[in-house]
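Asks: Would you mind keeping the following structure in view while I ask a few things?
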Amino acid sequence: MSRRRGQTGSIGKNGNWWTVRFWKDVPGQEQRVYMREKICPTRGPRLLTASARERRASEIIEASGADKPETLQASLASVSGTTFRQQAEDWLNLHRKKGTAPSTMATWECCIDNWLNPVIGDIPLSCIKKTAAQQVIDKMVEGGLSPAAVNSYFAVVKMVLSVTNDDGDELYPRNWKKMQLVIPQIVSKKQRRPCFTSELMTYLANSATIKPKMRMLFILCGATGLRIGEALGIRIEKILDGGSRIIIDSKAWRGEEHDFLKTENGEREIELPDNVANVLVAFIGDRKTGLLFQTRRGKPLSQSNILRRHLHPALEEAGFEKSGAHAFRRYRNTFLRSTSCPLTLINYWLGWAGESMSEHYDRSVLAAKFRKEVANRVGVGFDVPAQLNLIAPKTEQVAEVGIAVTA
């Protein structure tokens with residue numbers, strides 16, 4: 001509706017009259033109505049010439065207000081007074097009530113505030129069609145977002161616009177495929193997915209320049225493939241069997257503990273080989289309760305601080321590209337797949353659903369003894385120090401890493 005321009009109308013005969021037909025927006029309804037107005041008789045003294053009929057038709061259309069912006073705005077306000085900004089806030093509130101994960105909510109809020117509202121926030125829902133949608137996409141591309149981020153953020157647009165009535169029917173249905181929007185394609189080969197190497201993991205586990213607490217965190221992440229939030233949410237009470245078994249049923253995010261995980265499969269038990277279990281027990285010492293990794297006040301560590309103050313400087317010192325904590329997870333998956341570890345157990349330890357019906361039926365992963373045997377047999381793929389205070393000289397470690405830290 002917002003793209004409509006002036007109209008000349010359609011002049012034709014209707015009985016004994018020349019008439020003009022034109023579209024007009026009517027407050028209170030979304031669809032325009034087709035109006036018909038008399039111009040002059042088809043015969044007699046009041047008959048107008050063709051050019052005069054055209055001028056008269058234009059006068060009639062102008063007098064009706066059909067082409068006035070005020071008419072359009074009045075119609076829009078009465079039909080779809082709800083703007084994208086208003087609907088987005090209602091949509092977020094609904095998901096807050098549903099208990100959607102705070103991390104997911106934060107991502108959506110950032111997307112809406114920074115990328116969507118500035119472009120389409122004040123546009124009524126019914127007016128967000130191809131042009132407005134493409135403007136959102138172009139703005140994100142110009143802002144330097146990756147194809148994966150653009151596709152993920154545009155999915156938020158679709159979810160917000162899926163407004164339904166009490167019967168579950170969409171009020172403003174859209175056929176996104178027919179719009180033929182130009183959206184950047186995700187090319188898997190070009191996606192940046194850094195993965196640590198065994199040599200780099202050895203460096204992170206033994207470097208004299210990394211604090212013992214961070215080295216323990218890096219060892220644990222590399223040895224288990226835990227998500228960083230899962231690792232920071234581990235409580236000492238959940239570490240069993242002499243440090244060789246950890247129950248994963250909570251996570252930490254932005255200084256808060258959450259008693260839920262990213263997926264249902266995330267709740268699991270992870271076995272550690274003996275060498276990692278021994279250094280973990282030594283790290284815990286006499287502590288009996290509390291978070292495994294915590295601040296002086298007993299709060300979860302900040303993920304951003306870990307990356308900015310510890311991991312990124314360590315990677316720069318080792319000559320490795322800047323990477324996020326997910327590179328530990330990629331390392332563990334890559335290492336396990338290079339061994340004889342059963343695929344079912346890889347998926348279990350990493351918190352993924354099975355990939356086949358055979359894995360769905362396989363119950364071997366429920367046996368803790370079997371998991372422990374496999375954990376000791378396959379190991380972790382890097383050198384684990386006997387204790388965190390037994391550190392090899394810095395010069396030797398850097399020289400060792402220089403062989404294989406190519407991305």
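Asks: For VAL384, indicate whether it is among the aliphatic types (A, V, I, L, M), at pLDDT 95 or above and in contact with a helix residue (DSSP H, G or I) (Cβ under 6 Å, 6 or more places away or on another chain).
Replies: yes
Asks: Give me the residue from the range 293-306 that is in a loop (DSSP other than H, G, I, E, B) and of a type outside the set (D, E, K, R) and, out of that set, nearest to MET214 (Cα to Cα).
Replies: PHE293
Asks: Collect the residues in the range 228-261 that are charged (D, E, K, R) and out of contact with any Phe, Trp or Tyr (no Cβ under 9 Å at 6 or more places or on another chain), keeping them in residue-number order.
Replies: Those that are charged (D, E, K, R) and out of contact with any Phe, Trp or Tyr (no Cβ under 9 Å at 6 or more places or on another chain): GLU230, ARG235, GLU237, LYS238, ASP241, ARG245, ARG254, GLU256, GLU257, ASP259.
Asks: Give the residues of the range 87-102 that are of a type outside the set (Ser, Thr, Tyr) and not in a helix (DSSP H, G or I), sorted by residue number.
Replies: GLY99, ALA101
Asks: Please pick out the residue among LEU171, LEU217, LEU226 that is in contact with a strand residue (DSSP E or B) (Cβ under 8 Å, 6 or more places away or on another chain), under 30 Å from ILE247 (Cβ atoms) and of a type in the set (A, V, I, L, M, F, W, C).
Replies: Criteria check complete, one pass: LEU226.
Asks: From ARG296, ARG287, grab the single residue that is out of contact with any strand residue (DSSP E or B) (no Cβ under 6 Å at 6 or more places or on another chain) and without any contact (Cβ under 8 Å) to a residue 24 or more places away in the chain.
Replies: ARG296
Asks: Between VAL281, VAL276, which is exposed (fewer than 15 other Cβ atoms within 10 Å of the Cβ) and more than 16 Å from ALA325 (Cβ to Cβ)?
Replies: VAL281
Asks: Looking only at the range 133-186, which residues are hydrophobic (A, V, I, L, M, F, W, C) and outside any helix (DSSP H, G or I)? Spell out how you get there, then give the answer.
Replies: Of the residues in the range 133-186, the ones hydrophobic (A, V, I, L, M, F, W, C) are 133, 136-137, 140-141, 145, 148-150, 154-157, 159-161, 163, 171, 176, 179, 181-183, 186.
Residues satisfying the conditions are LEU145, VAL163, LEU171, LEU181, VAL182, ILE183, ILE186.
Asks: Report those strands (runs of 3 or more DSSP E) wholly inside the range 240-292 carrying at least 3 residues which are modelled with pLDDT of 95 or more and more than 21 Å from the chain's Cα centre (by Cα).
Replies: Numbers: elements: 245-248, 251-253, 256-258, 268-271.
Where strands (runs of 3 or more DSSP E) fall fully within the range 240-292 and carry at least 3 residues being modelled with pLDDT of 95 or more and more than 21 Å from the chain's Cα centre (by Cα), they are 245-248, 268-271.
Asks: Another question, then. Within the range 25-46, take every residue that is in a loop (DSSP other than H, G, I, E, B) and either modelled with pLDDT of 90 or more or over 48 Å from the mean Cα position of the chain (by Cα) (or both) and give me the one that is surrounded by the fewest Cβ atoms within 10 Å (Cβ to Cβ).
Replies: PRO45
Asks: Name, by its number, the condition in (1) loosely packed, with under 14 Cβ neighbours inside 10 Å; (2) modelled with pLDDT of 90 or more; (3) acidic (Asp, Glu) that does not hold for GLU89.
Replies: Evaluating GLU89 over (1) loosely packed, with under 14 Cβ neighbours inside 10 Å; (2) modelled with pLDDT of 90 or more; (3) acidic (Asp, Glu) leaves (1) as the failure.
Asks: Within the range 108-145, can you find the residues that are small (Gly, Ala, Ser) and touching a helix residue (DSSP H, G or I) at 6+ places or on another chain (Cβ under 9 Å)?
Replies: GLY121, SER126, ALA132, ALA133, GLY143
Asks: Quick check on my filter: what residues within the range 164-204 are among the hydrophobic types (A, V, I, L, M, F, W, C), buried (at least 16 other Cβ atoms within 10 Å of the Cβ) and touching a Leu at 6+ places or on another chain (Cβ under 9 Å)?
Replies: Passing the criteria: PHE196, LEU200, LEU204.
Asks: Turning to a different aspect of this structure: If you take the residues in the range 353-363 that are in a loop (DSSP other than H, G, I, E, B) and buried (at least 16 other Cβ atoms within 10 Å of the Cβ), which one is nearest to the chain's Cα centre (by Cα)?
Replies: By that ranking, first place goes to GLY354.
Asks: Can I ask one more? Hey, among GLY266, GLY242, which residue is surrounded by fewer than 13 Cβ atoms within 10 Å (Cβ to Cβ) and of a type in the set (Gly, Ala, Ser)?
Replies: GLY242
Asks: LEU232 - would you say it is under 27 Å from the mean Cα position of the chain (by Cα) and crowded, with 17+ Cβ neighbours inside 10 Å?
Replies: Yes; evaluated as a whole, the condition is true for this residue.
The values are calculated or read from the model by the stated rules, or taken from the named source; none is laboratory data. On a predicted model such as this, the values are computed, not experimentally measured, just so you know. Here the Cβ is made from the backbone with ideal geometry for all residues, glycine too, and neighbour counts use every protein chain on show.
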